[in-house]
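Each remark here refers to the structure printed beneath this line.
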Amino acid sequence: MDLLAPSPALRRSFALLLVGLLGLALAGCGYNNVPTLEEKAKAAWGEVQNQYQRRADLIPNLVETVKGYAQQEREVLTQVIEARAKATQVKVDASTITDPAKFKEYQDAQNQLSGALGRLMVTVERYPELKSNQNFLALQSQLEGTENRVTVARRDYIQAVQAFNTEIRTFPGVIWARLFWGAKPMESFSATAGAERPPAVKF
């Protein structure tokens, strides 16, 4: 029996120590940063879609309520209905955030819906009875809350995308992104005309 030979328990402990050190080295050098930041950005994108869907779900009830008081505003109501249809028909999936054309199509459709909603809310000013209708007031409140949630969700997504894109373009993240993850830059929302003003949903 060789007294200098390490025991099986010692060899096992040494192997576990090496695996642990290798794991720490990989974690410390940013190997996991790319997928971690990617998942965070995807989750933020999901929240953006969730809030836009919430807004789209409110619109039919809003249009019906306005129609009951302001049937003569058919053109504006039609614009809202058509913009909603277009916004909900744009198909989005995980690849949308890395495809500039698909992302722009989605953003443009949502911007058109925002514009149509703004025009609808402006027309409501001419109908005092509608402005005091309890159903309309509840819908107005929900819409205002949703617009705020959309703003927050977009801000969180923009920040998550900025962190991800920075990681895959800087050292050492660029190495992991290219060699192991095949990561592509994600698209972010750009400001639209009048974006410095909140949506026109005040009464």
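The values are calculated or read from the model by the stated rules, or taken from the named source; none is laboratory data. These figures come from a predicted structure and were not determined experimentally. Backbone-built Cβ (ideal geometry, glycine too); neighbour counts: all protein chains shown. Ligands, DNA and RNA are stripped out before the accessible areas are found, and what is left, the full protein with its side chains, is counted by its heavy atoms. Shrake-Rupley method; radii C 1.70, N 1.55, O 1.52, S 1.80 Å.
May I ask you to give the percent of accessible area on segment 125-185 that is carbon plus sulfur, with a probe radius of 1.4 Å? Mind showing how you got there, number by number?
Details: 1970 of 3700 Å².
Here it works out to 53 percent.
Based on Cα atoms of segment 51-97, Rg over Rh with Rh as the Kirkwood radius reads 1.10. Taking every alpha-carbon pair in segment 123-168 and binning the separations at 5 Å intervals from zero gives 5, 19, 14, 15, 10, 9, 9, 7, 6, 5, 2, 0 percent.
Between Arg155 and Ala85, the FRET efficiency from the beta-carbon distance, with R0 = 22 Å, is close to 0.20. In sequence order, segment 100-107 has phi-based couplings of x, 5, 5, 5, 5, 4, 5, 5 Hz under the Karplus curve 6.51 cos²θ - 1.76 cosθ + 1.60, θ = phi - 60°, and Gly or Pro positions carry x. Remark: segment 67-144 carries 54 Å² of accessible area per residue (probe radius 1.4 Å; ligands, DNA and RNA excluded). Taking amide H as placed 1.01 Å from N in the peptide plane, Asp99 has its amide H under 5 Å from the amide H of Glu187, each at least 5 places away in sequence or on another chain. Counting only residues at least eight positions apart within a chain, or on another chain, the lysines with an alpha carbon under 24 Å from that of Lys184 are Lys40, Lys42, Lys91, Lys102, Lys104. Under the criterion of Cα pairs below 8 Å and six or more residues apart, the relative contact order for segment 63-203 equals 30 percent.
Roughly how compact is segment 47-149, stated as its Cα Rg over 2.2 N^0.38 Å to two decimals? Mind showing how you got there, number by number?
Working: Rg = 14.5 Å, N = 103, 2.2 N^0.38 = 12.8 Å.
In units of the 2.2 N^0.38 Å rule of thumb, it is 1.13.
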